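Worksheet: the structure to be examined is printed underneath.
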Amino acid sequence: METRATRDGDHYVLTGSKCWIGNASIADVKVVWAKDDDGRVGGFVVEKSTPGFRAQDIQGKFSLRMSRTSECWFENCRIPAENRLSKASGLRAPLSCLSQARVGVAWGVIGAAIDCYETALAYAKSREQFGRPIAGFQLVQEKLVWMVQEITKAQLLALRLTRMMEAGTALPVQISLAKRNNVWMALECARKARDILGAVGITDRYSVIRHLMNLESVRSRHHGDQCIRRLA
Ligand SMILES: Cc1cc2nc3c(=O)[nH]c(=O)nc-3n(C[C@H](O)[C@H](O)[C@H](O)COP(=O)(O)OP(=O)(O)OC[C@H]3O[C@@H](n4cnc5c(N)ncnc54)[C@H](O)[C@@H]3O)c2cc1C
């Protein structure tokens with residue numbers, strides 16, 4: 001973490017930059033994690049109109065296009081000292097946000113997987129080749145069964161994880177691995193669904209390719225890269 005928050009009287013001066021920040025160019029308020037003079041990580045509230053702050057949207061995304069993703073710069077950006085989050089001290093604070101977000105992702109990707117399954121099933125029943133619906137071929141059925149099986153496992157995993165979150169017993173590593181599993185599951189469902197749809201699967205007539213591209217982002221997004229998660 002290279003962004004710095006230097007104390008100056010009753011202000012902090014933020015210096016640094018952040019990349020790939022969701023909706024930063026339009027958000028009225030941002031929470032910026034930065035190191036203070038003691039090298040301790042803190043959370044700092046920065047309002048949109050603060051001099052020294054600017055943001056620019058990243059162009060050319062094929063994925064998660066419904067939200068903006070921005071690059072932000074803090075150049076001698078002065079904020080009142082009271083804008084520091086008083087109870088957020090050290091890396092634990094931003095990491096706890098990530099734990100909550102990862103559980104949301106572990107659930108959210110199941111929705112994408114279910115839509116891929118239902119789309120593929122409906123298509124397989126209606127698309128005829130060699131005189132019968134492709135849903136009648138065992139190779140196609142095998143893909144559909146795999147999807148239902150993995151979706152069911154992912155649902156049970158997410159439910160158990162949520163119960164543990166509610167009881168306060170979920171470990172960060174368990175949350176991380178659950179997210180990793182469910183994102184992998186959803187991506188595999190999207191790939192199999194796209195396969196069943198054949199050529200039309202790459203068009204926007206069906207939702208599958210959109211899920212596939214969005215899930216690629218979720219795989220490496222702000223909740224942590226999927227490869228790095230393997231280190232968990
Ligand atoms: C659409 C979108 C929205 C996002 N929104 C946010 C947001 O709101 N807030 C936020 O904070 N971030 C956000 N991110 C950023 C996201 O957290 C990072 O992109 C992600 O953590 C990966 O970092 P990176 O892109 O710098 O990749 P890098 O760190 O450059 O990694 C590139 C590759 O190198 C590998 N690699 C890196 N380091 C190592 C290592 N030590 N050992 C082995 N392999 C390594 C990685 O596994 C990966 O395969 C967003 C990203 C996207 C795509």
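So for the chain, Kirkwood radius off the Cα pairs, Stokes-Einstein at 10 °C and 1.306 mPa s: how many µm² s⁻¹? The partial results should precede the final answer.
On the way: Rh = 20.1 Å.
Value of D from the Cα-based Kirkwood radius: 79 µm²/s.
Roughly how many Å² is the accessible area per residue of segment 13-98, as a whole number, for a 1.4 Å probe? List each step's numbers first, then the result.
Numbers: 5210 Å² over 86 residues.
About 61 Å² of surface per residue is accessible.
For segment 81-144, pairs of C-alpha atoms spaced more than 17 angstrom apart make up 63 percent of the total. Short to long, the 5 Å bins of the Cα pair-distance histogram for segment 68-117 hold 4, 13, 11, 14, 21, 14, 9, 7, 5, 2, 0 percent of all pairs. Non-local lysine pairs in the chain, meaning eight or more places apart or on different chains, with alpha-carbon distances under 21 Å, amount to 15.
With helices as the sole contributors, the chain gives -16000 deg cm²/dmol at 222 nm; each DSSP H run of n ≥ 4 counts as -39500 (n - 2.57), and the sum is divided by every residue.
Overall size of segment 92-229 from C-alpha positions, given as principal axis extents largest first: 60, 25, 21 Å. Each other residue within a Cβ distance under 14 Å of Trp73 adds +1 if Lys or Arg and -1 if Asp or Glu, for a net charge of +1. Taking the Cα atoms of segment 4-89, the ratio Rg/Rh between the radius of gyration and the Kirkwood radius comes to 1.01.
Just to make sure I understand: if all protein chains stay in place, what is the order of Thr15, Thr162 by accessible area at 1.4 Å, largest first? Kindly include the intermediate steps, with their values, before the conclusion.
Values: Thr15 65, Thr162 30 Å².
My answer, sorted largest first, is Thr15, Thr162.
To the nearest ten degrees, helix 172-197 and the longest principal axis of the Cα atoms of the chain are 40 degrees apart.
Probe radius 1.4 Å, ligands and nucleic acids ignored: give me the carbon and sulfur share of the accessible area of the chain as a rounded percent. Could you put the intermediate results ahead of the total?
Numbers: 7160 of 13290 Å².
With neighbouring chains kept in place, the figure for the chain is 54 percent.
The values are calculated or read from the model by the stated rules, or taken from the named source; none is laboratory data. Being a predicted model, the structure only gives us computed values, none of them experimental. All Cβ positions, even for glycine, are placed from backbone atoms using ideal geometry, and neighbour counts span all protein chains on display. Just the protein is used for accessible areas: all its heavy atoms, side chains included, with ligands, DNA and RNA removed. Shrake-Rupley method; radii C 1.70, N 1.55, O 1.52, S 1.80 Å.
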